[in-house]
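To keep things clear, I will list the structure first and then write my remarks on it.
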Amino acid sequence: MSKRRVVITGMGTVNPLGHDVESTWRAMLACANGVSKTELFDASTYPTTFSAQVKGYRLADHVPQADLHQTAGRHCQFALGAAVQAWAQSGLDSFVNLDHTRVGVYLGSGEGSLDFSNFVSLLVDAWKDGKVDTRRWAELAFQRMNVHRELEQESNMVVAHLAAQFKIRGPAFNVLTACAASTQAIGEAALQIRRGDADVMITGGAHSMIHPFGVTGFNRLTALSQRNDSPETASRPFDLTRDGFVLGEGASILILEDYDTAQARGAKILAEIVGYGSSADAFRITDQDPEGDGAATSMRSALADAKLTVDDIDYISAHGTGTKQNDQVETRAVKAVFGQRAAKVPVSSVKSMVGHLIAAAGATELITCVLAIRDQVIPPTTNYAHPDADCDLDYVPNKPREAKVRVCMSNSFGFGGQNNTVIIREAGE
């Protein structure tokens, strides 16, 4: 039996450049930047004092019955706003014959952020004779901890909130494979539809790690840029002077549907998902395979799944974090897969403008691929000024480029050696 075709019928996003898809896209084509001094907590004594934050977002302005999500974490609130946008664009909100048992959710969602002030106060008040008095800790914890807010730390809670918002009763999953999570979620959601387990999937990712624990961890890994004197130019993928990524936050959601189902209800098809590949580096936990074998395997698998060749790819949306190793490895992997064509395929990283949204990064970048196909324009890699001999591809530097774009490849690579690639093509018969 032939596999069912999977199409995209809705998209939504909340990120440091905008609270919806169109404002985000306009900002990217204007080479805007979402990086500034960190305001979510006092980071003035940290090695990195800046980040890409979502500003001015209020759940009640974007989500009907927002009071139902009072305990939702910051990343979950972004996901709800993005999902409402995507659901409305798909037209499913007015489709009266929708079978909610045939609709599922598959997200790449990060953990919720801890209530650090309450946690630290509990430690201080339970401290006795140089250690935590566990009996006192338990007594205070039962008095002060909000069980509902503590549950929001579970990474699947965003799935639960979205299912409740849209009365979804089909398959519900969450995957947390670091920076590759939302690309993996989209690929796996497409497989749910292909094999007939669902007709519609809400998919994408959400994350917010701009808090003391998140920033401390990435600083300890020396993964973050420390360009504190010029935050707006700190995210510079593939540039010789890059010194790490810029931590961001946000959510992006896509609605995937079976092609025949979407056609039957007259939905506007934005693009088709034709290929998905996944692999593991089997190397180190925090370092990529330096030869890029895992990343190359992911790309080759997606091409094989799509029944396409490298000659069919018009644009590669790079993982492109701005760390020394990632950008070199991704460049090597592209060259290994594409051979002589590698120098001719435009490659860009929108993380240069929006920052690294961790679990939400891949979904955000796939949305830009859909828009690149729609408008026949490739978003740029900004802050690119110093070529690196080890990164010698066409990175679409510093301004968008009009181009014929029919098929796009989007890459995401995560800590632990997770590699995921999705290929989309223009809507067609």
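The values are calculated or read from the model by the stated rules, or taken from the named source; none is laboratory data. Owing to the predicted nature of the structure, the values given are computational and were not obtained by experimental measurement. Using ideal geometry, Cβ is built from the backbone for each residue, glycine included, and neighbour counts are taken over all protein chains shown.
Miscellaneous remarks
- None of Thr38, Thr45, Thr71 is β-branched (Val, Ile, Thr) and in contact with a Phe, Trp or Tyr (Cβ under 8 Å, 6 or more places away or on another chain) except Thr38.
- The condition (being crowded, with 22+ Cβ neighbours inside 10 Å, in contact (Cβ under 8 Å) with a residue 12 or more places away in the chain, among the aromatic types (Phe, Trp, Tyr) and farther than 21 Å from Gly170 by Cβ) is satisfied by just one residue among Phe245, Phe283: Phe245.
- Test: residue in region 8-22 that is under 20 Å from the mean Cα position of the chain (by Cα) and in a helix (DSSP H, G or I): yes
- Pairs with Cβ under 6 Å, 6+ apart, first in region 379-405 and over 19 Å from His356 (Cβ atoms), second surrounded by 17 or more Cβ atoms within 10 Å (Cβ to Cβ) and among the small types (Gly, Ala, Ser): Val405/Ala372
- With respect to the stated conditions, Gly266 is more than 18 Å from the chain's Cα centre (by Cα), surrounded by fewer than 24 Cβ atoms within 10 Å (Cβ to Cβ), on the phi > 0 side of the Ramachandran plot and in a loop (DSSP other than H, G, I, E, B).
- Considering residues of region 58-71 that are closer than 19 Å to Pro16 by Cα and touching a helix residue (DSSP H, G or I) at 6+ places or on another chain (Cβ under 7 Å) only, the residue surrounded by the fewest Cβ atoms within 10 Å (Cβ to Cβ): Ala60
- Flag if Phe50 is surrounded by 22 or more Cβ atoms within 10 Å (Cβ to Cβ) and aromatic (Phe, Trp, Tyr): yes
- Selection count where residues are surrounded by 16 or more Cβ atoms within 10 Å (Cβ to Cβ) and either of a type outside the set (A, V, I, L, M, F, W, C) or under 18 Å from Cys179 (Cα atoms) (or both), scope region 207-236: 19
- Among the conditions (1) of a type in the set (A, V, I, L, M, F, W, C); (2) over 17 Å from the mean Cα position of the chain (by Cα); (3) part of a helix (DSSP H, G or I), the only one that Leu366 does not satisfy is (2).
- Of the candidates Ala318, Ala295, Ala302, the single residue that is more than 30 Å from Arg58 (Cα to Cα), crowded, with 24+ Cβ neighbours inside 10 Å, touching a Pro at 6+ places or on another chain (Cβ under 9 Å) and assigned by TED's automatic domain parsing to the domain that holds Pro400 is Ala318.
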